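Have a look at the structure below before the remarks.
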Amino acid sequence: VRVKKHRWHKKILKTRDPLIISLGWRRFQTLPIYSKLEDNLRHRMLKYTPEHVTCMAHFWGPITPQSTGFLAVQDADFRISATGSVVELDKSTQIVKKLKLIGTPYKIYKKTAFIRDMFNSTLEVAKFEGARLKSVSGIRGQIKKAMSKPEGAFRATFEDKILLSDIVFCRTWYRVEVPKLYNPVTSLLLPPEQKNLWRGMKTVGQLKREKGLRSDPTTDSLYTPIERPPKVDKPLVVPKALKKDLCYGDKIKNYHRGKKHSGRVAVVLQPQERKVAELIKRLKVCYDQKKAPLSLDLRWRFKIPYPARNRTRVAGVGTLPTTPRRRTY
């Protein structure tokens, strides 16, 4: 049926709350389920009726011609709650609601990832093969094949590489069954003094208020402080093939390079070995001092020409020979 909440009713109507419906010459109590007819002719379940807008309602009742009007009341005071008309009689109507399956990746190879914690068995994965996936970052994917271990894991492919910190979810639709309840209201058949004593089925809210019950909220619905560890970004790595194609201004330049390790092993000398090393070092210093004048003479001999060499005196060497020496070959 197509139904709309009446403006006299103080609250919106909730799915599966009992309603007394006056349809034709019958009055009965039932549990309707409200839905919205989408563009693809899918009946999506609504938890509450929208305000000032019509919606669809599904319930079990007697066979009634189409376009038959009805009205509904919820309490025994018979305040009108909703009005509407019959659209069709169809037992095969399917009402669905959204079901979001959530999983996490545990292995990633480029654009292929292995997801777990979304299904419980291989049979469930086989039923959803080819279903579309989506990560929190917006990367789309598809379920490919189930894995043997762990149970319920599967292989999926994505448009781009995802991260281990991503959450993968699959949007599905779950079928909702219409409660099979048809309770005729027989108050008109009672004696006049007992007509107002008839009471139908009460809503869950009314029963809780009368008995003083209060349902505890689920822990998943409560707001909890979110603690996220600081994300450590990986260093930038440019492939060698890309480095060759870059211009010089865009290339990464490493100016400050650390000294390479010599690879020598530190040796701890004994006292006797240390004395010998110091003696050798002193002898080397003495040898270098004696060799310095000879090296200076050789440098002067090969750099200064012969005429100028005869009239030159070098400090520490003495008077240079005036006659050129013969070279032997």
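The values are calculated or read from the model by the stated rules, or taken from the named source; none is laboratory data. The shown structure was predicted, so the numbers you read here are calculated from the model rather than taken from an experiment. All Cβ positions, even for glycine, are placed from backbone atoms using ideal geometry, and neighbour counts span all protein chains on display. SASA here: full protein model, heavy atoms, side chains in, ligands and nucleic acids out. Shrake-Rupley method; radii C 1.70, N 1.55, O 1.52, S 1.80 Å.
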Leaving out ligands, DNA and RNA, what percent of the accessible area of the stretch 55-163 is carbon and sulfur, probe 1.4 Å?
51 percent
Under 13 Å between alpha carbons, and skipping anything fewer than 8 positions from Lys97 in its own chain: which aspartates and glutamates qualify?
Glu38, Glu177
The chain: angle of helix 271-303 to the longest principal axis, Cα-based, in degrees nearest 10
60 degrees
Sites matching chymotrypsin sites (Phe, Trp or Tyr not before Pro) across the stretch 157-238 that sit in DSSP coil, with at most 10 neighbouring C-beta atoms within 10 Å
Tyr223
When we measure straight from the Cα of Lys291, which lysines land under 17 angstrom away, once same-chain ones fewer than 8 places off are left out?
Lys281
Among all the aspartates and glutamates, which ones have a C-alpha under 17 Å from Lys253's C-alpha, if same-chain residues fewer than 8 places away are not counted?
Asp245
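Per residue, how many Å² of accessible area does the chain show with a 1.4 Å probe?
That works out to 81 Å² for each residue.
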Given a cut-off of 25 Å, name the pairs among Lys11/Lys208; Lys14/Lys180; Lys111/Lys251; Lys100/Lys127; Lys110/Lys144 whose C-alpha atoms lie farther apart than that in the structure shown.
Lys111/Lys251
